[in-house]
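Enquirer: Submitted below is the structure of interest, expressed as structure tokens.
The values are calculated or read from the model by the stated rules, or taken from the named source; none is laboratory data. Quick caveat, the model's predicted, so the values are computed rather than measured. Glycine gets a Cβ as well: all are built from the backbone with ideal geometry, and neighbour counts include every protein chain shown. These area figures cover heavy atoms from the full protein model, side chains too; ligands, DNA and RNA do not enter into them. Shrake-Rupley method; radii C 1.70, N 1.55, O 1.52, S 1.80 Å.
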Amino acid sequence: MDVVNAVNAQNLIVPSGTMKVDRFEYAIETNSAPSAVEDLNNLPIKTVNGAVIYIRDVAHVRDGFSPQTNIVRVNGNRGVLMNIMKTGSASTLDIIKDVQNVLENIKASFRRSCA
């Protein structure tokens, strides 16, 4: 439980305010999350009799996700493959419509950020 509490307390992305530039206001976040998975090993858990105990002293944190072994291509360009599973009495046609709407919003967002 000490490890869970240490990671929850020290692996945070929290809002820290806003910044106004011209007519725009941007949300600023403070990111204290480690930049690499291996850095989680260096998080202190607690101090016992003046000695700091780190996660690396009781465990080894690593990226256990299996390596990517395939590439998706759409019309010769790299793409993304995502499974969407229907549950219960959800309408397949409604799900398709909702996914298409979300994709259009994502495309519009990319267009704005690339402009």
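Enquirer: Residue by residue through the stretch 52-70, note down the ones that are modelled with pLDDT of 90 or more and open to solvent by 70 Å² or more (accessible area, probe 1.4 Å).
Expert: ARG56, ASP57, VAL58
Enquirer: If you scan the stretch 57-115, which residues turn out to be touching a residue at least 12 places away in the same chain (Cβ under 8 Å) and farther than 30 Å from VAL4 by Cα?
Expert: Answer for the stretch 57-115, where residues must be touching a residue at least 12 places away in the same chain (Cβ under 8 Å) and farther than 30 Å from VAL4 by Cα: ILE84, VAL99.
Enquirer: Kindly indicate whether any position in the stretch 49-57 is more than 29 Å from LEU103 (Cα to Cα), outside any strand (DSSP E or B) and touching a helix residue (DSSP H, G or I) at 6+ places or on another chain (Cβ under 6 Å).
Expert: Within the stretch 49-57, one or more residues are more than 29 Å from LEU103 (Cα to Cα), outside any strand (DSSP E or B) and touching a helix residue (DSSP H, G or I) at 6+ places or on another chain (Cβ under 6 Å).
Enquirer: Oh, and also: Being small (Gly, Ala, Ser) and free of Cβ contacts under 8 Å to residues at least 12 places away in the same chain is the filter; apply it to the stretch 11-35 and report the residue that is most open to solvent (accessible area, probe 1.4 Å).
Expert: SER35
Enquirer: Does GLU38 satisfy the condition of being surrounded by 10 or more Cβ atoms within 10 Å (Cβ to Cβ), in a helix (DSSP H, G or I), out of contact with any helix residue (DSSP H, G or I) (no Cβ under 7 Å at 6 or more places or on another chain) and among the charged types (D, E, K, R)?
Expert: yes
Enquirer: While we're looking at this one, here's another question. Where residues in the stretch 71-115 are surrounded by fewer than 10 Cβ atoms within 10 Å (Cβ to Cβ) and of a type in the set (Gly, Ala, Ser), which of them is farthest from VAL37 (Cα to Cα)?
Expert: SER89
Enquirer: Additional query: Could you go through the stretch 66-83 and let me know if any residue there is under 27 Å from ASN8 (Cα atoms) and in a loop (DSSP other than H, G, I, E, B).
Expert: Yes.
Enquirer: Here's a follow-up. Residue under question is GLU38, and the condition is that it be in contact with a Ser or Thr (Cβ under 8 Å, 6 or more places away or on another chain) and modelled with pLDDT under 90; does it hold?
Expert: The answer is no for GLU38.
Enquirer: Here's something else I'd like to know. Would you call ASN49 open to solvent by 60 Å² or more (accessible area, probe 1.4 Å), out of contact with any Gly (no Cβ under 6 Å at 6 or more places or on another chain) and modelled with pLDDT under 90?
Expert: The answer is no for ASN49.
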